[in-house]
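First comes the structure, then the notes that go with it.
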Amino acid sequence: MPRASTESGADVPGGRLDTQVIVVGAGPVGLLLAGELRLGGAHVVVLERRTAPTTESRASTLHARTMEILDSRGLWDGLPDPPNDLRGHFAGIPLDLSLPGSRPGQWKVPQFDTERLLGRWAAGLGADIRRGHEVRAVTDTGGYVEAEAVGDGGPVLVRADYLVACDGEDSTVRHLVGADFPGHDARRELLRADVEGIEVSDRRFERLPDGLAIAARRADGVTRVMVHEHGAPAVDRDGAPAFGEIAQAWKRVTGEDISGGTPVWVNAFGDAARQLARYRHGRVLFAGDAAHRQMPIGGQALNLGLQDAFNLGWKLAAEVTGRAHTELLDSYHQERHTIGRRVLSAIEAQALLLLGGPEVEPLRSLVTELIGHEDVRAHLAATIGGLDIRYDVGGPAHPLAGARLPRTPLAASTSASTSGGATSTDALRSGRGLLLGPGGDPNFDPNLDPVLGPLLSGRGIPFATPAPSAPGTEGAGWTLVRPDGHVVWANPPGRPPEEGLTEALNRWFGPA
Ligand SMILES: Cc1cc2nc3c(=O)[nH]c(=O)nc-3n(C[C@H](O)[C@H](O)[C@H](O)COP(=O)(O)OP(=O)(O)OC[C@H]3O[C@@H](n4cnc5c(N)ncnc54)[C@H](O)[C@@H]3O)c2cc1C
């Protein structure tokens, strides 16, 4: 295939554009993926059918792990000082989200702000984002993949090594490749409206005899109401429900009349649950809502998708730039399908408890009682926040292996010289992973070490040593961290690094 002549790819005769990765969809997942691909050195073209970014409010919660991820790419400062609420919930049952870590809680960021931030970042890194381009056909020849899009200037053909479908819950690409998408359609639904000019009291998750009612007034005077009538089935809809339908349901459940308000946005969402059987189909991969459909309870849908993109980006970049071990790309499906299945199952459990009628009350009482136990509370908070994710990274067992590295303060000497930051989060910004050493000689440079130097040669992995007694790393000597912040190998203090480091480097960072 002709190689790229620009950051996105090369125009070849006949009007075809060649690149390394095509991303279909410039939603939050596609944009984060595009940035990650660029950071890993891949050429990327994003094809998006909308001519302008969405202004719909959609998801408004970013959880702890997502915030850590954004922080590790220097994107935290780009968010407009988001409010944080540690008062979360599990199926509407109050759940304190406090946990050790740098960003616990629920950060309130409207989805359009997240998209704006990611879009600017990805474009700034050189991603070629082409709006007004709807993908209508995908061909995987085995040797390359082609996408045909229709744009303002007529049809466009793009050829690449891989294509990633980030085209949302009704994914065109999923239909085009005939991917198996098992699960079930919505059985029940919540009706939702953002309304101006109504006065109703705030309700977090009020369970009334005839249904569930939620109301929250925003600073701008708009009130978001959500309602579900016990026993009401999900409706097969072509578009959004009429505001009158929502007002009537609200009246039946709460007895209050909101029909005189002005709807700013109306929407219905159901408890459908589906997950692709395989996240990879040859040269076509899936991420975000294209890979899994779930009820957006507790704001987990968006977070799950963003974390897919963060797992995939560096692996796919390594693959198309020839740096990847043969099994690296397939670890995307193994890792993220497992996590997705777990999150979808927890969401289904919440949907049953939240939308069920009086028959679920005994179970709700039991769960409320269990949440009163600190172990259970912390477990659920970590699951919702994405902080307990542990990938199966193989290699020797170690308490840190597979887990995310929490933000770790670095020793002043190494932070300034080799890794370029005060914490491990800063040191991950280059997207090249991180090797943490056990400390000792402040001027130690592993690249000049006769044993380590050849191992690290050409891989560009930053090196740092934790600050003395940095929390979380007490039991580790040397620690190797992937670009997405997960530890792939650590050895006990006092052991030499060459024991096991070579294998871990080859597997996760490719041959030197
Ligand atoms: C109305 C609504 C309300 C929601 N509310 C919440 C909520 O409260 N909490 C929560 O957590 N989640 C919510 N979600 C879900 C959340 O918005 C999604 O999880 C999130 O947007 C997923 O991001 P994504 O990038 O995977 O997909 P999307 O954001 O859907 O992005 C997909 C992109 O692909 C583009 N596209 C689609 N087909 C093509 C094609 N053929 N060619 C080119 N481009 C294409 C689309 O235009 C879109 O820009 C809501 C979703 C919707 C639709």
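Some notes on this structure:
- Each peptide in 445-451, 56-62, 152-158 was scored by the mean count of other Cβ atoms within 10 Å over its residues; highest first, the order is 56-62, 152-158, 445-451.
- Label point 7 Å beyond Cα of E199 along Cβ direction - residues of the stretch 220-234 with amide nitrogen under 19 Å: 220-225
- Residues listed by number, the stretch 238-263, amide nitrogen under 12 Å from D185 label point at 7 Å toward C-beta: 238
- The chain: C-alpha gyration tensor shape, a/c 1.5 cut-off, then a/b vs b/c: oblate
- Working ranking of peptides 127-138, 490-501, 111-122 by packing, defined as the average number of other Cβ atoms within 10 Å per residue, highest first, is 111-122, 127-138, 490-501.
- Whole-Hz Karplus values for the stretch 51-65 come out as 7, 9, x, 5, 10, 5, 6, 6, 6, 10, 10, 10, 8, 3, 5 Hz, taken residue by residue from phi with 6.51 cos²θ - 1.76 cosθ + 1.60 and θ = phi - 60°; glycine and proline positions read x.
- Note, ³J(HN,Hα) from phi for the stretch 448-462, Karplus 6.51, -1.76, 1.60, rounded to Hz, x at Gly and Pro: 9, 6, x, 8, 6, x, x, 5, 8, 3, x, 8, x, 7, x
- Over the stretch 108-183, the hull volume per residue, using the convex hull of the C-alpha atoms, is 132 Å³.
- The convex hull defined by the C-alpha atoms of the stretch 141-291 has an orientation-averaged projected area of 12.2 nm².
- Whole-Hz ³J(HN,Hα) from phi, Karplus 6.51 cos²θ - 1.76 cosθ + 1.60, for the stretch 77-84, glycine and proline x: 5, x, 8, x, 6, x, x, 10
- Taking 7 Å steps out from each Cα toward its Cβ at T368 and N84 produces label points 2.9 nm apart.
- The H on the amide N of T423, modeled in the peptide plane, is under 5 Å from the matching H of L410, each at least 5 residues off or on a different chain.
- Remark: the A240-R217 segment gains 6.1 nm on full extension, using 0.36 nm per residue and subtracting the alpha carbon distance.
- Compared with the direct C-alpha span, the chain from D392 to E499 gains 36.6 nm at full extension, assuming 0.36 nm per residue.
- For the stretch 69-150, the relative contact order is 19 percent, taking Cα pairs closer than 8 Å that sit 6 or more residues apart in sequence and dividing their mean separation by the residue count.
- Tensor-based shape of the stretch 189-270 (alpha-carbon gyration tensor, a/c under 1.5 rounded, otherwise prolate or oblate): oblate
- Each of R38, R174 was scored by other Cβ atoms within 10 Å of its Cβ. Arranged with the fewest first, they read R174, R38.
Any read-out appearing in this document is the output of simple, stated calculations on the displayed coordinates, not a laboratory observation. The shown structure was predicted, so the numbers you read here are calculated from the model rather than taken from an experiment. Because the Cβ atoms are built from the backbone with ideal geometry, glycine has one as well, and the counts that use them run over all protein chains shown.
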